Amino acid sequence: MKPAPFRLHRPDRVAEAIELLSVYGDEAKVLAGGQSLMPLLALRLARFEELVDLNRIGELSGISFDGEELVIGAMTRQADVEVAPEVRKSAPLLARALRYVGHFQIRNRGTVGGSLAHADPAAELPAVAMVLGAVVDVVGPRGARQVPAEELFAERWTTVLDVDELLVSVRIPVMPAEAGFAVEEVARRHGDFAMAGVACALSSGHGRVDRARIALFGVGRTPLLCPLVAKEMEGSLLDELHPAALDELAALATADLDPPDDVHATGSYRRAVAAHLVGRALINSLEELRRA
Amino acid sequence: MVAGRFVGQSVLRREDPRLVSGHGRYVDDVRVPGMVHAAFVRSHVARARIAALDVAAAERLPGVRAVYTARDLEPLIVGPLGATMYLSAPIPSPVALASGDVRYPGQPVALVLADSRYLAEDACELVRLDYDVATPVMDMETAAESEILVHPERGSNVVSQSRRWDDDLELAIRGAPYVVTRTFRQPRQSHTPMEPHGVVASWDRFDGELRIWCTSQRVHEVRATMGRVTGIPEQRIHVVQRDVGGAFGQKGAMRPEEIAVVLAACKAGVAVKWVEDRHENLVAGGHARSDRIAVTMGLDHEGGIIGAELDHLEDAGAYPSLGSVGGLVAMMFPGAYRMGGVNWSTRAVFTNSCGRAPYRGPWNIESLAREQIMDAAAREMGLDPVELRRRNVIARTDMPFTNASGMTYADIDPAAVLAETLRRFDYPEFLEEQSEQRGGGRRIGVGVSLFVEPTALGTGTMLGTEAAHVKVSLAGKVTVALGTSSHGQSIATTMAQIAADELGVDIEDVSVVDGETDITPIGGGTGGSRSGVIGGGATHRAAGHVRDKVLRVAAELMEAAPEDLETDRGRIQVRGTPTRSVSLAQVAHAAYVDTKLLPAGVEPGLEALVRYSTPAITFANACHICVVEILPSGQVEILRYVVVEDCGAMINPMVVHGQISGGVVQGIGGALYERFCYDEDGNPLTTTFMDYLIPTSTEVPFIEISHLNSPARGPGGYKGVGEGGAIGAVPAVRNAISDALGADVTDGVRPCDLFESTPLAGGSSR
Ligand SMILES: Cc1cc2nc3c(=O)[nH]c(=O)nc-3n(C[C@H](O)[C@H](O)[C@H](O)COP(=O)(O)OP(=O)(O)OC[C@H]3O[C@@H](n4cnc5c(N)ncnc54)[C@H](O)[C@@H]3O)c2cc1C
């Protein structure tokens, strides 16, 4: 359980990191908190000759809020995001979801950018980023671009980023005042990757749902948005969304899922429990929304 | 036995300051000048013929010292590799490195020595290992009939079997008013000690001495094994360990890897270190449980047990490190109940999987089967499971009691233990609460498990005796040397408590040494819940011998009669006249230096080495009650956990609590989380802690523990307490789940297993 040899590069600036990535191409890998990458290297399931360590790049860490958007640097530790007052205020769902990410020891090292870039289909943050309508800032040798979270995740453990691109920050638009959120998951133990999970963000105006975003995680090859449920909900009167209607929506959200079996759960369980969680998430976020 | 100044008190563990501050010394902390590092090339498949094994490229990697295969090490091997107590067991001798074929995934095939572990692992990747892969035997249920043989030279996949069957009993059981039949399984588990296996070995060909630093339950066994394997005279083999980060049975015998590393050190003439990593430990470090038992129980109209039939099947893996546990399963099955008789057949089979190693109560399936079938029977009869137990339980007044399988118990009182547990738990109140909550839709269940724990077994093996060497120094300080090998049992604390009380000194004036072959008496090590009973007995006796001598010498020095003296805090004084006293140091001075002061007939010196052997088995007994809630998601939450244990007199209640708690946690793991899996082709699937799940602090409830005391007959009245927690917890948890479901849980369960048996209501429920 020792990694194969690699060279460690420790740039101080984003530009240097990009330079290194463009020189080494797919021989290089970015190292952030190391909580996912290091085990892969140690088990020799992955190997890279060059590691580009982002930990010295100060400009990649930090949280700012300009009244419209919350901007979180890629290297900001998950533990810092979890307790940041700006986050609790403008993106409470993110703070709540982080409590499910591993254990605090892991969140002390693990980064927000690393979690998004790693694109584990069972991870919480990618789904949360999707339902909050987040956009990631990407920088590469060909310049900067922005990718909406909905378009970021290509495959299991794969984003649309090129090998020489860096995820530098994530932007989360502030939600309207009348909003409700929920994140629900079932894991074998506290801190394990979810067997099934759901993130949900609803907002309303004049007694009607005006925006509904529901994303499932742990049940597919990427986090999965549920556009059909959004379509059904948007425009509905809050009063119409009684428990039976929500159960139907939950069934709709999970109708096309076909998760595989593994040692922790059967696929059919994941699907059934996902429906249960969608129902619970809708109830809880509606409740919060009604209180708002 | 009167409570001593230290014995019976929760004296703080003297091991803790170094351990909790990160200053323990484990094998990986051992550094020897010139030491190189080993890594293994292992089989990736369960069964194959080795078609090609080419190490040339690995040998050429800079920093690599040597690459060894079976061909290199075999010439050094002159004797069997198994542990002493299993040399005559019907199991194959372990193989240091595979030659010709591989028989389980992870089996070591070659060994690299390099300047660092990193380089050694780099070199492992350069070893070319080609196989002709063959279909493995993975299913224990069909192994005995399979044409494919794990060990072709043995001609059968059956390791061993036993049978005792009485046809009249069978008729009586089958014709009983109530006949209940169930088949129970438990998943394959890994012991997962925090510190995995490992060894540092150094062969000095100039002084002809072999030095071994290990992590073991039996340092004397390590020496005995390596003496046999290498032919190096045992007195030239020196085995040492300091802290051992858990073992749970996995470290009772040397692993083939450890033997290979010692051989490699001898061959290369350099010191070699190998520390198993977690991946290696999970895949190839020794497995446990993985057995199945079919039970039929016949009961009369009143719930009296007419008899039971057992059919036990045990998956031994390819190279088990112990013989079958079937016999003990059968002997302990009656547990704390009266039964008319027991018929049994047991069988252990080989599969192409990691070998079975003893694990905290290796026979535990007897308790699981008995306690679960008691609940099943009660449900079928419409009787409260507790009531069914009450009607059959044995009591102190029945002692000595020979159970239906022929095992004779002494000094236990299960009826009292059951009653005390129910009292602490407040069973009637719980039943009321339960029916209320069930009305509210919650799935809440309670499970009871009552069992008798055979501790300190081993007469007729290396485990039957233990010796303590108690020495008083010139300054009046005490050292106790024991043949135990503490790996978390607090022996340095508990044995000091005993010696301090016997000798009347402060506990700070006593040191305990174990885990070193040169300076400790030959001993069976630590395992099988034996160290408190046998090590404690030996410490008592040896310290008592020294104390007698101290009194005789002190009496002479003070011109008093020995009977009039007492010892207290390192002084020996005339009872009632503390002004007339001498110190232990003064006595030691007379014993070692001023020997003319000694009374006539008293030999110089102030030390004793006394070997103690126990009765065949010392029986302890306990009862667990567990309350669970099954959440709509199928997840199980443990709401309450109560244990009442009768392990006789306690040396240190805090240590006893620790032993019980740790065991209960492992039992919870076995019931709810732990499950080592292979796919059909024999590929291991749960090879890291991401997939092999052990309970963590968030899954473990507060465990309420209390005690009764039916003392054993040996010195101090101690009984073993190491394994009961793990034995009792599996059936308690499973019975609670079964109660909540109203259906039997007959295997380890995952949320998906409980979810599918009772589908969820919609999202609107909790
Ligand atoms: C025991 C354990 C439990 C865990 N449980 C959970 C859980 O329940 N839920 C969960 O979501 N996660 C869990 N994790 C993963 C954890 O959240 C990781 O921290 C996270 O997935 C990766 O973040 P990191 O900063 O550690 O990234 P690293 O491990 O350093 O990198 C991960 C990947 O992302 C790439 N990368 C990192 N940063 C960037 C960047 N800025 N730009 C481009 N690529 C980048 C790396 O090259 C690498 O491929 C767990 C981890 C452990 C060890």
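The values are calculated or read from the model by the stated rules, or taken from the named source; none is laboratory data. Please read all numbers here as calculations on a predicted model, not as lab measurements. We place every Cβ from the backbone using ideal geometry, glycine too, and count neighbours over all the protein chains shown. We work out accessible area using only protein heavy atoms, side chains counted, and drop any ligands, DNA or RNA first. Shrake-Rupley method; radii C 1.70, N 1.55, O 1.52, S 1.80 Å.
Remarks
- Which listed residue, of A:Glu151, A:Glu124, A:Glu165, is away from the ligand (no atom under 13 Å from the Cβ) and away from every other protein chain (no Cβ under 14 Å): A:Glu151
- Residue satisfying condition, being more than 12 Å from the ligand (Cβ to nearest atom) and without any contact (Cβ under 8 Å) to a residue 40 or more places away in the chain, within set A:Val87, A:Val81: A:Val87
- Here A:Ala244, A:Ala212 are screened, and the one residue that is at negative phi and at pLDDT below 95 is A:Ala244.
- When residues in the stretch A:211-231 are screened for being among the β-branched types (Val, Ile, Thr), assigned to a loop (DSSP other than H, G, I, E, B) and buried (at least 23 other Cβ atoms within 10 Å of the Cβ), 1 of them pass.
- Residue under evaluation B:Pro695, criteria (1) touching a strand residue (DSSP E or B) at 6+ places or on another chain (Cβ under 7 Å); (2) within 12 Å of another protein chain (Cβ to nearest Cβ), criterion not met: (1)
- The lone criterion from (1) under 30 Å from B:Pro187 (Cβ atoms); (2) in contact (Cβ under 8 Å) with a residue 60 or more places away in the chain left unmet by B:His707 is number (1).
- A:Gly191 being open to solvent by 20 Å² or more (accessible area, probe 1.4 Å), on the phi > 0 side of the Ramachandran plot and not in a strand (DSSP E or B): no
- Set B:Ala144, B:Ala123, B:Ala66, B:Ala134: member being at pLDDT 95 or above and either within 14 Å of chain A (Cβ to nearest Cβ) or open to solvent by less than 10 Å² (accessible area, probe 1.4 Å) (or both): B:Ala123
- Residue check: A:Arg211 meets all listed conditions (1) away from the ligand (no atom under 14 Å from the Cβ); (2) closer than 25 Å to A:Asp53 by Cβ but one, namely (2).
- Considering each residue of the stretch B:677-693 in turn, none proves to be assigned to a helix (DSSP H, G or I), crowded, with 18+ Cβ neighbours inside 10 Å and more than 16 Å from the chain's Cα centre (by Cα).
- When B:Glu380 is tested against (1) open to solvent by less than 10 Å² (accessible area, probe 1.4 Å); (2) more than 18 Å from B:Arg185 (Cα to Cα), exactly one condition is not met: (1).
- Condition met for A:Gly33 (outside the structural domain of A:Pro85 (by TED's automatic domain parsing) and within 12 Å of the ligand (Cβ to nearest atom)): yes
- Residue match in the stretch A:8-25 (condition: modelled with pLDDT of 95 or more, at negative phi and assigned to a strand (DSSP E or B)): yes
- Test set (1) more than 14 Å from chain A (Cβ to nearest Cβ); (2) in a helix (DSSP H, G or I) - B:Ala98 fails condition number: (2)
- Counting the residues of the stretch A:248-271 that are in a helix (DSSP H, G or I), in contact (Cβ under 8 Å) with a residue 12 or more places away in the chain and open to solvent by 40 Å² or more (accessible area, probe 1.4 Å) gives 3.
- Single residue of the stretch A:46-60 satisfying the filter (touching a helix residue (DSSP H, G or I) at 6+ places or on another chain (Cβ under 8 Å) and more than 9 Å from the ligand (Cβ to nearest atom)) that is farthest from the other protein chains (Cβ to nearest Cβ): A:Glu59
- The stretch A:101-119, subset of a type in the set (Gly, Ala, Ser) and assigned to a loop (DSSP other than H, G, I, E, B), residue nearest to A:Glu155 (Cα to Cα): A:Ala119
- Those residues of the stretch B:395-426 which are closer than 22 Å to B:Ser706 by Cβ, part of a helix (DSSP H, G or I) and open to solvent by 20 Å² or more (accessible area, probe 1.4 Å), in sequence order: B:Arg396, B:Ala415, B:Ala416, B:Ala419, B:Glu420, B:Arg423, B:Arg424
- Candidate set: the stretch A:8-30, residues that are within 11 Å of the ligand (Cβ to nearest atom) and either within 14 Å of another protein chain (Cβ to nearest Cβ) or closer than 29 Å to A:Glu86 by Cβ (or both); chosen: the one most open to solvent (accessible area, probe 1.4 Å): A:Val30
- Search result, residues across the stretch B:22-41 that are under 15 Å from B:Cys124 (Cα atoms) and open to solvent by 30 Å² or more (accessible area, probe 1.4 Å): B:His37
- Residue check: B:Leu111 meets all listed conditions (1) among the aliphatic types (A, V, I, L, M); (2) open to solvent by less than 20 Å² (accessible area, probe 1.4 Å); (3) more than 33 Å from the chain's Cα centre (by Cα) but one, namely (3).
- Sole residue being in a helix (DSSP H, G or I), touching a residue at least 12 places away in the same chain (Cβ under 8 Å) and farther than 27 Å from B:His44 by Cα, chosen from B:Met331, B:Met339: B:Met331
- Scoring A:Ala245 on the criteria (1) farther than 18 Å from A:Gly205 by Cα; (2) facing another protein chain (nearest Cβ under 9 Å) leaves a single failure, condition (2).
- Selection from the stretch B:233-248 of residues that are touching a residue at least 24 places away in the same chain (Cβ under 8 Å) and surrounded by fewer than 24 Cβ atoms within 10 Å (Cβ to Cβ): B:Arg236, B:Ile237, B:His238, B:Val240, B:Arg242, B:Asp243, B:Gly245, B:Gly246
- Sole exception among (1) more than 16 Å from A:Ala74 (Cβ to Cβ); (2) away from chain B (no Cβ under 14 Å); (3) surrounded by fewer than 21 Cβ atoms within 10 Å (Cβ to Cβ); (4) near the ligand (Cβ under 7 Å from one of its atoms) for A:Ile106, by number: (2)
- Residues in the stretch B:483-511 that are surrounded by fewer than 24 Cβ atoms within 10 Å (Cβ to Cβ) and among the small types (Gly, Ala, Ser): B:Gly488, B:Ala492, B:Gly504, B:Ser511.
- Filter result for the condition that a residue is touching a residue at least 24 places away in the same chain (Cβ under 8 Å), buried (at least 24 other Cβ atoms within 10 Å of the Cβ) and not in a helix (DSSP H, G or I), over B:Val262, B:Val199, B:Val270: B:Val199
- Residue within the stretch B:512-522 that is more than 29 Å from the chain's Cα centre (by Cα), crowded, with 20+ Cβ neighbours inside 10 Å and farther than 27 Å from B:Ala729 by Cβ present: no
- Residues of the stretch A:40-75 classified as more than 21 Å from A:Val139 (Cβ to Cβ) and either among the aliphatic types (A, V, I, L, M) or open to solvent by 60 Å² or more (accessible area, probe 1.4 Å) (or both), total: 10
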